[in-house]
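One structure is given here, and the rest of the page talks about it.
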Amino acid sequence: MNGNRLALVALLFLVGLFRSSAAAAIRYVDADSTNPVAPFLEWATAATNIQDAVDAAIEHDTVLVGDGVYATGMREAGFAGNRVVIDKPILVRSLNGPAVTVIQGAGSARCLYLTNGVTVAGFTLTGGAGAGDGGGVFAADRSVISNCIIQGNSAYVSGGGVYGGVVWNCEIRENSADSAEPGRTHSGGGISFAEVHNS
């Protein structure tokens, strides 16, 4: 009886995995798209910005981003403005890597805000500024940033490049966490409160 119950639980688990993977879609982003049509399921109707594709995605989807500099848009999250807010467990990755795919922050916006379960791969994240923590990226504990270049970002308090999350195979350079306000503790010009591997 216990063996049959265990087999049934295992079967239901595998069916759930199959349904999750079968339902997953790829949403496309092309900075030069001339015909952006939601839900952005092919290159011919790709979104022109990453946030639109993220908003159209559902859990476990992939957002595939073409070459370009993505430097528009602003959404509030994590006590600051952000170029892109990824608020569901999806994969956002570049087509051709960080040398040709850039998310450009601004003086009033960090590059990325990530919730739990997000994976971001293959971008240059630069020019972001966080009013509190995380100038380039503010990441929840179980989010992953991989194969990225995180450069030239700043935070008011901690984690100029990255605050939180798990960082894999990234280059983190020329970021800062700095303020002239007396009595404030600042830490991690490059990274603060993140788990870091091979970076």
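Just checking, does the range 60-79 include any residue being open to solvent by 70 Å² or more (accessible area, probe 1.4 Å), among the aliphatic types (A, V, I, L, M) and under 20 Å from Cys170 (Cβ atoms)?
Yes; the residues of the range 60-79 include at least one that is open to solvent by 70 Å² or more (accessible area, probe 1.4 Å), among the aliphatic types (A, V, I, L, M) and under 20 Å from Cys170 (Cβ atoms).
Could you list, ordered by first residue, the pairs with Cβ atoms under 8 Å in which the first is in the range 96-116 and without any contact (Cβ under 8 Å) to a residue 24 or more places away in the chain and the second is assigned to a strand (DSSP E or B) and open to solvent by less than 30 Å² (accessible area, probe 1.4 Å), at least 6 apart or interchain?
Gly107/Ala129
Being among the hydrophobic types (A, V, I, L, M, F, W, C) and open to solvent by 10 Å² or more (accessible area, probe 1.4 Å) narrows it down to one residue among Ala155, Ala99; which is it?
Values: Ala155 fails: open to solvent by 10 Å² or more (accessible area, probe 1.4 Å).
Only one candidate passes the filter, namely Ala99.
Can you run down the residue pairs with Cβ atoms below 8 Å, 6 or more apart or on separate chains, where the first is in the range 52-66 and under 14 Å from Val84 (Cα atoms) and the partner is assigned to a helix (DSSP H, G or I)?
Close Cβ pairs (under 8 Å, with a partner that is assigned to a helix (DSSP H, G or I)) amount to Val63/Ile50; Val63/Ala53; Val63/Val54; Val65/Ile50; Val65/Ala53.
Condition first: in contact (Cβ under 8 Å) with a residue 12 or more places away in the chain, within 13 Å of the chain's Cα centre (by Cα) and in a loop (DSSP other than H, G, I, E, B). Can you find one or more residues in the range 190-197 that meet it?
Of the residues in the range 190-197, the ones in contact (Cβ under 8 Å) with a residue 12 or more places away in the chain are 190-197.
Then keep just the ones that are within 13 Å of the chain's Cα centre (by Cα); that gives none.
Taking every residue of the range 190-197 in turn, none turns out to be in contact (Cβ under 8 Å) with a residue 12 or more places away in the chain, within 13 Å of the chain's Cα centre (by Cα) and in a loop (DSSP other than H, G, I, E, B).
Residue check, Val118 against (1) surrounded by fewer than 18 Cβ atoms within 10 Å (Cβ to Cβ); (2) under 10 Å from the mean Cα position of the chain (by Cα), all met but one. Which one?
Result: Val118 fails condition (1) only.
Does the range 138-160 hold any residues that are under 19 Å from Glu76 (Cα atoms), part of a loop (DSSP other than H, G, I, E, B) and within 13 Å of the chain's Cα centre (by Cα), and which are they? Show your work before the answer.
Initially, the range 138-160 is screened for residues under 19 Å from Glu76 (Cα atoms), giving 138-140, 143, 153-160.
Then keep just the ones that are part of a loop (DSSP other than H, G, I, E, B); that gives 140, 143, 153, 156-157, 159-160.
If the condition is that a residue be under 19 Å from Glu76 (Cα atoms), part of a loop (DSSP other than H, G, I, E, B) and within 13 Å of the chain's Cα centre (by Cα), then Ala140, Ser143 are the ones that fit.
Does the range 51-58 contain at least one residue that is part of a helix (DSSP H, G or I), surrounded by fewer than 16 Cβ atoms within 10 Å (Cβ to Cβ) and modelled with pLDDT of 95 or more?
Within the range 51-58 (the criterion being part of a helix (DSSP H, G or I), surrounded by fewer than 16 Cβ atoms within 10 Å (Cβ to Cβ) and modelled with pLDDT of 95 or more), the answer is no, since none of the residues qualifies.
Taking the range 158-169, which residues are surrounded by fewer than 24 Cβ atoms within 10 Å (Cβ to Cβ) and at pLDDT below 95? Working first, answer last.
Going through the range 158-169, the residues surrounded by fewer than 24 Cβ atoms within 10 Å (Cβ to Cβ) turn out to be 158, 166, 168-169.
The one that is surrounded by fewer than 24 Cβ atoms within 10 Å (Cβ to Cβ) and at pLDDT below 95: Ser158.
Look through Arg83, Arg27 and report the one residue that is at pLDDT 95 or above, within 30 Å of Val157 (Cβ to Cβ) and either open to solvent by 80 Å² or more (accessible area, probe 1.4 Å) or not in a loop (DSSP other than H, G, I, E, B) (or both). Break it down into steps so the answer makes sense when it comes.
Values: Arg27 fails: within 30 Å of Val157 (Cβ to Cβ).
So the residue among Arg83, Arg27 that is at pLDDT 95 or above, within 30 Å of Val157 (Cβ to Cβ) and either open to solvent by 80 Å² or more (accessible area, probe 1.4 Å) or not in a loop (DSSP other than H, G, I, E, B) (or both) is Arg83.
Show the residue pairs meeting these rules: Cβ distance below 6 Å; 6+ apart or different chains; first residue within the range 22-42 and under 16 Å from Ile58 (Cα atoms); second residue open to solvent by 70 Å² or more (accessible area, probe 1.4 Å) and among the aliphatic types (A, V, I, L, M).
That search, which allows pairs on different chains as well, returns nothing.
Being open to solvent by 20 Å² or more (accessible area, probe 1.4 Å) and either touching a helix residue (DSSP H, G or I) at 6+ places or on another chain (Cβ under 7 Å) or closer than 22 Å to Thr48 by Cβ (or both) is the filter here; which residues of the range 125-142 pass it?
Selection gives Thr126, Gly127.
So Asn175 ticks every box in (1) open to solvent by less than 40 Å² (accessible area, probe 1.4 Å); (2) within 15 Å of the chain's Cα centre (by Cα) but one. Which box is left unticked?
(2)
The values are calculated or read from the model by the stated rules, or taken from the named source; none is laboratory data. On a predicted model such as this, the values are computed, not experimentally measured, just so you know. Because the Cβ atoms are built from the backbone with ideal geometry, glycine has one as well, and the counts that use them run over all protein chains shown. Surface accessibility is based on the protein's heavy atoms, side chains included, excluding ligands, DNA and RNA. Shrake-Rupley method; radii C 1.70, N 1.55, O 1.52, S 1.80 Å.
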